[in-house]
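The values are calculated or read from the model by the stated rules, or taken from the named source; none is laboratory data. Computed from a predicted structure; not experimentally measured. All Cβ positions, even for glycine, are placed from backbone atoms using ideal geometry, and neighbour counts span all protein chains on display. Keep in mind that these areas ignore ligands, DNA and RNA; they rest on the heavy atoms of the full protein, side chains included. Shrake-Rupley method; radii C 1.70, N 1.55, O 1.52, S 1.80 Å.
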Amino acid sequence: MTDAAPKIQLRDVHKAFGGKIVLNGAELDVGTGESLVVIGGSGSGKSVMIKCILGLLAADSGSILVDGEEVVGISARERERVNKKFGMLFQGAALFDSLPVWENVAFGLLAEKRYSRHEARDVALAKLAQVGLGAEVGELFPAELSGGMQKRVALARAIASDPEIIFFDEPTTGLDPIMADVINDLIIKITREVGATALSITHDMASARKIANRIAMLYDGKIIWSGPTGEIDEADNAHVDQFIHGRAEGPIKMAVRA
Amino acid sequence: MNFVQIIGRFFLGFLATTGRLGIFAGASLSHIVRPPFYPRIIVRQMVEIGYFSLPVVGLTALFAGMVLALQSYTGFARFSAEGAIANVVVLSITRELGPVLAGLMVAGRIGAAMAAEIGTMRVTEQVDALTTLSTNPMKYLVAPRLLAGLTMLPLLVLVADVIGVFGGYLVAVYKLGFNPANYLQNTWDFLEAQDVISGLVKASMFGFIVTLMGCYHGYHSRGGA
Ligand SMILES: Nc1ncnc2c1ncn2[C@@H]1O[C@H](COP(=O)(O)OP(=O)(O)O)[C@@H](O)[C@H]1O
Ligand SMILES: [Mg+2]
């Protein structure tokens, strides 16, 4: 998979907030059609990295290529065009509280004016069915749903406009182990159905092993290891080893002030 | 750190905030006039700011007009200048009290609520989600609210003017024994279009400032990991 044309390339990406350096020369390649999972501790900058790719945060320096096209420092209009390739599942689902579920799912379609409200509704209900939710859920409001259902709706929203690349920000965090596995299965099923490239971030190793073709580890602002999922147990890297076995002792020192 | 340094730092911080607010205001104004527009959201905000503020604005205006008539009578009666009451009531209400009362009531009802609403959306990443769904949050969240503030406050003040003057009329006629026709004639004679218009322009500015501050503080709130 790695030798396919890369969909996303990060080269020497830096990002700091005030004096706090979060990304310090991150390098990453995501091949077309592959499912890459970035692992790393809480607060290690995984979300920041994805937000730099999406343009929600501006990288301080370095280069981010999407389909070979530079996206650092592009104009708002260019950004809007590039972002049409993306779907994003946010960490906390980030559903719009004031809109019913179907309008949440259809939001991007309506914004791009690709469909009338009536058609968009049908598409939204089809997407909801794809994530295992019935049409009756479409009329409910996000606050009326359980955490697992909210994640499903957010997933349906992320895939509604048939993106080429889907980002998953901690898709299983905050769910019980069974629901987490259901979401993992859905992610696998859906990325396969849509034929999309997937870039996920998580600190849930069970989830990472399940959905990834390839795993990369972010530590100290850099990608310190990456390789096929099957090789992670043989990774000759003390940091990776500590992380996947969840040991408090080791080279990674957790900042207590998190 | 010496004293001058503290003042300098404070002043620079003040300038930075003023600048950010100015840029935010300019950007939101430009988004008001450039498509895409969101009529549903504009109408919803107009109803929220305009319609639902009617009871509280109407009530305060009514009592302001009544008190104004009653107290100016207490003062003016000593100089046998009761005839000026209608004049005092209508000018104070249209030029000052209408806009100030409506502005205060809306600031209390709307300003903080708006900051909390947009702030929640910011912290729960809903604002980011808008961007990833081909929607500019400034256009979708901020512009409709500012537009609603700009347009609804003058309308509220128009209503407040009428109710306030009516309050004065009630007290003057039913408590102080004025002749209704004379009182209304006096009110009408003294009132000039300019008085009302200056009040409405003021109201528009108040509406803009209240919604701008609400949106700005919500939009720039931070938290979460
Ligand atoms: N908008 C922001 N402003 C300031 N600091 C931020 C911002 N976003 C993230 N950070 C900081 O960057 C670090 C990495 O955050 P994040 O990428 O969310 O971590 P995670 O790997 O858990 O997703 C954290 O220490 C966080 O406090
Ligand atoms: Mg995160």
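The order of A:118, A:239 by accessible area, most exposed first and with a 1.4 Å probe, is A:118, A:239. The figure for residue A:219 is an accessible area of roughly 60 square angstrom, using a 1.4 Å probe on the protein chains alone. Summing +1 for each Lys or Arg and -1 for each Asp or Glu among the other residues whose beta-carbon sits under 15 angstrom from that of residue B:26 gives +3.
Chains A and B together bury roughly 1600 Å² of accessible surface, counting both sides and using a 1.4 Å probe on protein heavy atoms.
Taking A:160, A:212, A:238 in turn, the Gaussian network model of chain A (Cα-Cα springs below 10 Å) assigns the largest fluctuation to A:238. Residue A:11 sits with roughly 80 Å² accessible to a 1.4 Å probe, with DNA, RNA and ligands left out of the calculation.
Straight-line reach only, C-alpha to C-alpha below 17 angstrom: list the lysines that residue A:84 could link to, leaving out same-chain residues fewer than 8 apart. Straight-line reach from residue A:84, under 17 Å: A:7, A:51, A:113.
For Cα pairs less than 8 Å apart in space and 6+ apart in sequence, what is the mean separation divided by the residue count of the range B:2-219, i.e. the relative contact order in percent? Display every interim value, and only then the final one.
Numbers: 261 pairs, mean separation 79.9, N = 218.
Rounded, it is 37 percent for the range B:2-219.
Give the ranking of A:102, A:225 by solvent-accessible surface, highest area first, calculated with a 1.4 Å probe.
Working: A:102 20, A:225 45 Å².
Result, largest first: A:225, A:102.
Each helix, a run of at least 4 DSSP H residues, gives -39500 (n - 2.57); summed and divided by the residues of chain B, these come to -25500 deg cm²/dmol at 222 nm.
Label sites at residue B:87 and residue B:10, each approximated as a point 7 angstrom past Cα along Cα to Cβ, lie 4.6 nm apart. The heavy atoms of residue A:253 offer some 150 square angstrom of accessible surface to a 1.4 angstrom probe.
Toward the positive end of the charge dipole of the protein assembly as shown, with +1 on the Cβ of Lys and Arg and -1 on the Cβ of Asp and Glu, the farthest Cα among B:199, B:151, A:171 is that of B:199. Please check the range A:51-68 for residues whose accessible area, probe 1.4 Å, is lower by 30 Å² or more when all protein chains are in place than in their chain alone. Residues of the range A:51-68 that lose at least 30 Å² of accessible area once the other chains are added: A:51, A:56. Near residue A:253, which lysines are there with a Cα under 22 Å away, not counting those fewer than 8 places off in the same chain? Leaving aside lysines fewer than 8 places away in the same chain, those within reach of residue A:253 are A:15, A:20, A:46, A:222.
Return the percentage of antiparallel bridges among DSSP beta bridges fully within chain A, rounded to the nearest 5 %. Walk me through the intermediate numbers first.
Working: 22 of 40 bridges.
In chain A, DSSP labels about 55 percent of beta bridges as antiparallel.
Can you say what percent of the DSSP beta bridges in the protein assembly as shown, counting only those with both residues inside, are antiparallel? Round to 5.
Values: 22 of 40 bridges.
Here the antiparallel bridges make up roughly 55 percent for the protein assembly as shown.
Over the range A:96-162, with every protein chain in place, what whole percent of the accessible area is carbon and sulfur at 1.4 Å, could you tell me? The value for the range A:96-162 is 54 percent carbon and sulfur by accessible area.
With a 10 Å cut-off around each Cβ of A:92-99, the average count of Cβ atoms from other chains is 5. The residues of chain B expose, per residue, 52 Å² of accessible area to a 1.4 Å probe.
Take the Cβ atoms of residue B:23 and residue A:97, set R0 to 45 Å, and the FRET efficiency comes out at 0.95. Among the protein heavy atoms of the range B:2-219, carbon and sulfur supply 73% of the accessible surface, probe 1.4 Å, non-protein parts ignored. I want the local charge near residue B:196. Using Cβ-Cβ distances under 15 Å, sum +1 for each Lys or Arg and -1 for each Asp or Glu among the other residues. Neighbour charge sum, excluding residue B:196 itself: -3.
Please work out the FRET efficiency for the pair residue A:192 and residue A:129, using the Cβ-Cβ distance as r and a Förster radius of 22 Å; give the result to the nearest 0.05. Provide the component values of the computation, followed by the final result.
Working: r = 17 Å, r/R0 = 0.76.
After rounding to 0.05, the efficiency reads 0.85.
The residue A:74 and residue A:144 beta-carbon pair, evaluated with R₀ = 45 Å, returns a calculated FRET efficiency of approximately 0.70.
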